[in-house]
């Protein structure tokens, strides 16, 4: 187990490089959008996090954009708000091993979500490890949902039509946040009463190449992979695991390893529709496939796809000449699934 200060030094180094990589990721034939505005959301344990909103054009009509709030940062300086309708919500969690990344890293995904589902996407700037180890990230996800539910009328959100999405570590959060939310509500009767009045309903999860089991050794995962040399290198996976889960006794927690959650917890907490995308050359492939079979056995409506001949996080490549058309096609498939549920 690495000392915390050394993990922090490594995290800072890779965060700088990742920011450079994500800057290059924005290049290409099309440019991803900037957030429409941002909101500061309180955490239950103190402090605040930032939520970034990506909104469809229909959101901005009639009434002053200042109605969105003081913490508004929009490209449309003269944009206006329409006040007579609400929009479905897609809450997104970025990847980066719970250690790297930023809420705006999934801007290309946001572009597709806003265009194809006509929903508002809210990307969560959750706390990162090693400064904030487990369960900080999953707790931030729960607090973000509670904030959106409490401010749904003000922000014109239809929280009865809410989807959770995420990539890699964010894919884990798309699954663990509902489990943690259920646990929080059961432990706090006041939260249960308040939440029921907001009519929050998670109708689906869209999880891209998630980590689902912190207990299984990375060496075992790597050896069992189709292409071990294409998996994430050990220096990355060791950093991620030691930074986020320094307490080995907590690695089996269902709020970190949903693949080890009891059947009743998965059945009660997860929404009826699950969409799970895996990568053929990813060390996380097998646990993803196993999770799909388990959810199907619990009666969930699971749609899964293994993307052939690609490594983990293939869609976030910094190469500006990557095949963005293939990525966009898969994004559109996922968005079409969400839209069909929003329109029911």
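Of all the residues in segment 244-253, those that are touching a helix residue (DSSP H, G or I) at 6+ places or on another chain (Cβ under 9 Å) and either over 16 Å from residue 98 (Cβ atoms) or free of Cβ contacts under 8 Å to residues at least 24 places away in the same chain (or both) number 1. Selection of segment 87-114 for residues being farther than 15 Å from residue 25 by Cβ and in contact with a helix residue (DSSP H, G or I) (Cβ under 8 Å, 6 or more places away or on another chain) yields 87, 88, 89, 90, 91, 92, 93, 97, 98, 99, 113. Among the residues of segment 262-272, is there at least one that is crowded, with 20+ Cβ neighbours inside 10 Å and part of a helix (DSSP H, G or I)? For segment 262-272, residues crowded, with 20+ Cβ neighbours inside 10 Å and part of a helix (DSSP H, G or I): present.
Restricting 241, 282 to residues that are in a loop (DSSP other than H, G, I, E, B), out of contact with any helix residue (DSSP H, G or I) (no Cβ under 6 Å at 6 or more places or on another chain) and within 23 Å of residue 219 (Cα to Cα) narrows the list to 282.
In segment 148-159, the residues that are in contact (Cβ under 8 Å) with a residue 40 or more places away in the chain and on the phi > 0 side of the Ramachandran plot form Cβ pairs under 9 Å with partners that are part of a helix (DSSP H, G or I) and surrounded by 17 or more Cβ atoms within 10 Å (Cβ to Cβ), at six or more places apart or across chains, as follows: 156/59.
Restrict the check to segment 147-166 and report whether at least one residue is part of a loop (DSSP other than H, G, I, E, B) and over 28 Å from residue 330 (Cα atoms). So far as segment 147-166 goes, yes, one or more of its residues are part of a loop (DSSP other than H, G, I, E, B) and over 28 Å from residue 330 (Cα atoms). Pairs are defined by a Cβ separation below 6 Å, a sequence spacing of at least 6 or placement on different chains, a first member in segment 297-326 that is on the phi < 0 side of the Ramachandran plot and modelled with pLDDT of 95 or more, and a second member that is assigned to a loop (DSSP other than H, G, I, E, B) and crowded, with 17+ Cβ neighbours inside 10 Å; the pairs so defined are 311/281; 312/209; 312/232; 312/282.
The values are calculated or read from the model by the stated rules, or taken from the named source; none is laboratory data. Being a predicted model, the structure only gives us computed values, none of them experimental. Here Cβ is always computed from backbone atoms with ideal geometry, including for glycine, and neighbour counts include all displayed protein chains.
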